[in-house]
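Here's the structure we're looking at; comments come further down.
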Amino acid sequence: MSEQLRVAIVGSTGYGGVELVRLLASHPQAKVTSVISSSSAGTPFSDGFPHLQHIREELLDDVDPALIRTKADVVFLATPAGVAAKITPAFLQAGLKVIDLSGDYRLKSPALYEEWYKKPAAEEPYLSEAVFGLAEIYGERVKGAALISNPGCYPTATLLGLVPAIKAGFIDPASIIIDAKSGVSGAGRGVSLGTHYSELNENFKAYKLNQHQHIPEIEMVLSDVAEKPVVTTFSTHLVPMTRGIMSTMYANIVGERTTEQFIASYKEFYADRQFVRIRPAGLLPATKEVWGSNYCDIGFAVDTRTNRVTIVSVIDNLVKGAAGQAIQNMNLMMGWDESLGLQFVPAYP
Ligand SMILES: NC(=O)C1=CN([C@@H]2O[C@H](COP(=O)(O)OP(=O)(O)OC[C@H]3O[C@@H](n4cnc5c(N)ncnc54)[C@H](OP(=O)(O)O)[C@@H]3O)[C@@H](O)[C@H]2O)C=CC1
Ligand SMILES: CC(=O)N[C@@H](CCC(=O)OP(=O)(O)O)C(=O)O
């Protein structure tokens, strides 16, 4: 077998980073050679994650691009918004390929990023060079790229559920309303008032209405696919569960379409893709049915009374919504089969 690709992870002590460590442990052609921390360098990785003790015995490295270059070929950045914008240029200049899990390189307009993220935008030419890695839609662009911007968790579930219907002309893009729900690991490992146990348990709440940073990312892709500007209503809710996103989407149908026609059209659209599974009529997906896997499951219900369709799309936010799709992008970037090391069956129940 050829030599394995060497991989480093900045933010390895966060939820996205730890999930990268878990998934890459069984990748046949890549191995993690450096786990990096900005706050705990020099301490054993397994101190914080005893469940991974047998696969990662080394000490955490510092965020040092020159050192990392001696150990790795590709670096994943699983860091909070604003960090990748600062450190990516040094990693690229050191000769590493970069896959960023944050929102820093997704929006091509610096003004739009600063409006929604309230932080300084990444600089050119890196912003223009970054390829938006929604693998099933833009996978061809990912091949050979040096900087990949991994999509957000909510946009991944939402866009995989909407793009085929828009491309087929089945729905009016101006009529779309997106009602999305996430498990709490979507908020990261850090503690906050809104996500601690007694605030979250037995509770269900809407948040960031009309202010969510994923709104411009969703509109960017919907506009690209519709070939005209699209604005949308996107509402987010926190659910008392650990993993999972459900995006429930409503749109007016153009002409007359049955549930079976939506199913047939989506099956054709995703015929060559391994990670999108289309449900038969009457069988809507639930978050537990993709738990721990890289699948996005999509179901449909056409209402002939209102002539609207409801599309339900579910993912595991830490896998297809973050680490899994990032590895899928690494595979595409390297010219490998996109499913390498990702063929996990969902854990159930
Ligand atoms: N959680 C999810 O479901 C998803 C997350 N994302 C995005 O992925 C990124 C990571 O998310 P997540 O893992 O949940 O976040 P976490 O908060 O769990 O982890 C982020 C990690 O980044 C490290 N970090 C913080 N500041 C810096 C810095 N200045 N330089 C280097 N490293 C730093 C921290 O580790 P240390 O102190 O050890 O350096 C921390 O563990 C975020 O941008 C998030 O928005 C995207 C899709 C889904
Ligand atoms: C539950 C929860 O709080 N989820 C986070 C998802 C953040 C995320 O994934 O951030 P980026 O994609 O922008 O990097 C949120 O709604 O902000």
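Values in this text are rule-based calculations from the coordinates and carry no lab data. Since we're looking at a predicted model, the values are computed, not measured. So basically every Cβ, Gly included, is an ideal-geometry build from the backbone, and we count neighbours across all protein chains shown.
For this structure, a couple of remarks:
- Largest GNM mean-square fluctuation across HIS196, HIS54, HIS212, computed for the chain with C-alpha springs under 10 Å, falls on HIS54.
- Student exercise, the chain dipole from Lys, Arg, Asp, Glu Cβ charges, in Debye to nearest 20: 380 debye
- Note on the range 5-129: antiparallel DSSP beta bridges, both residues inside, total approximately 5 percent of the bridges counted.
- Geometric descriptor of the chain, per residue, is 140 Å³ (volume of the convex hull of the Cα atoms).
- On full extension, the segment bounded by GLN211 and LYS118 gains 32.4 nm, given 0.36 nm per residue less the C-alpha separation.
- Placing unit charges on the Cβ atoms of the charged side chains and taking the dipole of the chain about its Cα centre, the candidate lying farthest along the positive direction among VAL290, ILE36, LEU101 is VAL290.
- Here the Karplus relation 6.51 cos²θ - 1.76 cosθ + 1.60, evaluated at θ = phi - 60°, turns the backbone of the range 162-176 into coupling constants of 10, 4, x, 5, 5, 4, 7, x, 7, 10, 8, x, 5, 9, 5 Hz, with x for every Gly and Pro.
- Working note: Debye formula, equal point scatterers on the alpha-carbon atoms of the range 154-317, no solvent; log10 I(q)/I(0) at q = 0.08, 0.15, 0.19 Å⁻¹ is -0.23, -0.81, -1.22.
- The string of couplings for the range 278-292 from the Karplus curve (6.51, -1.76, 1.60, θ = phi - 60°) is 9, 7, x, 4, x, 10, 8, x, 10, 4, 5, 7, 10, 4, x Hz, one whole number per residue in order, with x for Gly and Pro.
- Note on LYS97: lysines with a C-alpha under 19 Å away, same-chain residues under 8 apart excluded, are LYS31, LYS71, LYS86, LYS143.
- With at most 11 other Cβ atoms within 10 Å, longest stretch of the chain clear of loop GluC sites (Glu not before Pro) (DSSP): 58-201
- The range 5-129 - Debye-derived log10 I(q)/I(0), Cα point model, q = 0.09 Å⁻¹: -0.25
- Backbone N under 17 Å from the GLN261 label point (7 Å along Cα→Cβ), restricted to the range 163-190: 164-173
- The Cα center of the range 225-281 and the Cα center of the range 118-180 differ in position by 14 Å.
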